[in-house]
């Protein structure tokens, strides 16, 4: 299944352009990180994809068919997980999913199977009779995901799913997203936690002021974190800066960050130079953060 | 919906939530106890006032308990439940746009209909709970069988009407506090009306007749009339609320206007009995429709454009039903023109075409022309709305004044002095043309003001 967003524009009152000529596409099995500062137009774009809003111009195609011409296409194919949590506090998990299952037209055994399936997938089986009021934020996120999956959509749109979750819940959510991608779902996911997106996304789209930013920027360098078992930070920093492979070095907490050329060869050279200078690191790790680097490089941090 | 007879998912969800609601659970636990307590109190009071001999010779004591049960049921069914359901609807309705229900196969009409059905079931439960007490009062004599069966029906109908009105407020796209205040105001006002109506309905022998239905069946026509009005109200509210709640991809106005048009056509025979009431009612409804249409920022969605007829005549007939400000105003203009023209023609005996055309011009052409000019001049929405609101307010005010003159509530001479008055137009054709010109002049002033405001120094964007 292929989802194409073509030249989408959405203008709100007073000419405020929330989304401005935005185009990108993604297909089954892909997990697209949708990144941008607050107010960049991420939620508006996702709402348009879920038919909760309509673009002023442009189109959204699912397998070549426009959802603006036939919104029921999106109703069948898209599962939308908004950033706010389910708020019907007196409703049990089962009833909540039952309502949405029925709303999607499921009945009888088909409905029961669908509910059991998503409860099983999201780990909600033991919580099915609890009311939403009794659930933690992480569990409510799972309910929200289960709701988005109850009609077995092929496209999943997740708006800030990790927002406010504790580390454990985040890891669990990441596993669920990976499992969905393995099932062949096309996933569009927005988040402020770039390192996390980097771990689960196959590609990313960065927007600012409603416009897609070029992600052609290629960072040919990498940051390495180092830690030594000896005193004298300034002296070590001076030695690091003298090394041929080091382009940049700085103190970072109890250790150092050094920028070298990207690739294993440069890392190997750095290791050799460290030993040659008599510096034996007790900590030598490459720093994740390519997406962060790209993000910081291409965005200006201004709100749309 | 795969099975058209399956219960609406929204109704099912609402009923499940009602069952879980502590407020509802406690209320339904206490309600029969309160009914029992107050009925016994009323019986004791009635027995204290009557001698044993009175009672033995058929002078029943059921009237007091019956009234007591009717008032309590009225408060619960007509005020309590609709207020609770309306507040719930307000809090559930997202002001910032359509909720997640609209990403499903449910239509806006399904969603509003589900709320109406669940509330109707709750109201029916409350009224049914009171039925044993009504029957008990009947057994105490002094009450007719018609009262016993018609009072709960009247209460049910009134409660549905109350909830329908409050649902209209709940579905308006304004801030939640404002909707809450409006709903509280509505119910506060109705609190003073309900007990009076219920008492009048329940104790008035004239209303439902003391005689058997076989002897005097005239009230059946009244019941059918009330039922028809209630059904029309519910249909209207369902369609209106659905159009208000609908997301932008839905051709929201078309089903609503179809319902209004159907009601307009179906109610037309009523004009045979009272053309004045029918015409004035539809002129006022048309005015309200024109106002709401002028306020809308909706446009016909792309999904609906594929259904636009290809031939010219088909498009011409379809256009007034399409979503958007201009089709809406045209639709309202047609309603006003037909109702106002009918009134004018019947009132003046069909022999004064100038009067008829002047009326139509004032009632329909002026707002439509002014609206079209303002839109074409790209006036901002607020100014456009203000002008339309003034036109509509003017038409409604004149209609109401005319109606008041008809029922002798005000002096007819006073109404005749109004420049735009389709009842007193025969005497003042010149004044009509003057008012026509004044209204156009006013819209020209607005255009000039808007143009001057837009005539600004160009500033290069930073």
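Throughout, read-outs are computed from the coordinates displayed, never taken from laboratory work. Every value quoted in this text rests on a predicted model; they were computed, and no experiment measured them. Here the Cβ is made from the backbone with ideal geometry for all residues, glycine too, and neighbour counts use every protein chain on show.
Annotation: the antiparallel percentage among DSSP beta bridges lying fully within chain A is about 65.
Here the relative contact order of chain A, from alpha carbon pairs under 8 Å that lie six or more residues apart, stands at 23 percent.
Determine the shielding of peptide B:245-252 by partner chains: average, over its residues, the number of Cβ atoms on other chains within 10 angstrom of each Cβ.
That average works out to 4.
Report, in deg cm²/dmol and to the nearest 500, the calculated mean residue ellipticity at 222 nm for chain A, where each DSSP H run with n ≥ 4 adds -39500 (n - 2.57) and the sum is divided by the residue count.
Theoretical 222 nm ellipticity from helices: -11000 deg cm²/dmol.
Residue separation of residue A:175 and residue A:257 scaled by 0.36 nm, minus their Cα-Cα distance, works out to 26.5 nm of gained length. Three semi-axes describe the equivalent ellipsoid of chain A; taken as square roots of 5 times the Cα gyration tensor eigenvalues and ordered largest first, they are 43, 25, 16 Å.
Averaged over the residues of A:96-106, the number of partner chain Cβ atoms lying within 10 Å of the residue Cβ comes to 6. When the Cα atoms of the stretch A:1-63 are aligned to their principal axes, the ranges along those axes come out at 39, 23, 19 Å in descending order.
Sorting the segments B:307-319, B:160-172, B:126-138, A:21-33 by their residues' average number of neighbouring beta-carbon atoms within 10 angstrom, most packed first, yields B:160-172, B:126-138, A:21-33, B:307-319.
The slack in the chain from residue A:87 to residue A:131, taken as 0.36 nm per residue of separation less the alpha-carbon distance, amounts to 14.8 nm. Comparing A:49, A:85, A:145 in a Gaussian network model of chain A where C-alpha atoms under 10 Å apart are linked, the largest mean-square fluctuation is found at A:85. I'd like the distance separating the alpha-carbon centroids of the stretch A:250-270 and the stretch B:7-24, in whole Å. Cα centroid of the stretch A:250-270 versus Cα centroid of the stretch B:7-24: 61 Å apart. Sorted ascending by nearby beta carbons within 10 Å, beginning with the fewest, A:62, B:24 become B:24, A:62. Find how many whole Å separate the alpha carbon centroid of the stretch B:221-265 from the alpha carbon centroid of the stretch A:94-147. Here the answer is 35 Å between Cα centres.
Legend: ranking of residues B:184, B:69, B:234 from fewest to most surrounding C-beta atoms inside 10 Å; resulting order B:184, B:234, B:69. The distance from the alpha carbon centre of the stretch B:109-154 to that of the stretch A:173-207 is 55 Å, rounded to a whole number.
A Gaussian network model of chain A, with springs between Cα atoms under 10 Å, assigns the largest mean-square fluctuation among A:147, A:133, A:178 to A:133. With R₀ set to 30 Å, the beta-carbon distance separating residue B:176 from residue B:129 gives a calculated FRET efficiency near 0.40. What the Cβ-Cβ distance of residue B:188 and residue A:21 gives, at R0 = 60 Å and to the nearest 0.05, is a FRET efficiency of 0.75.
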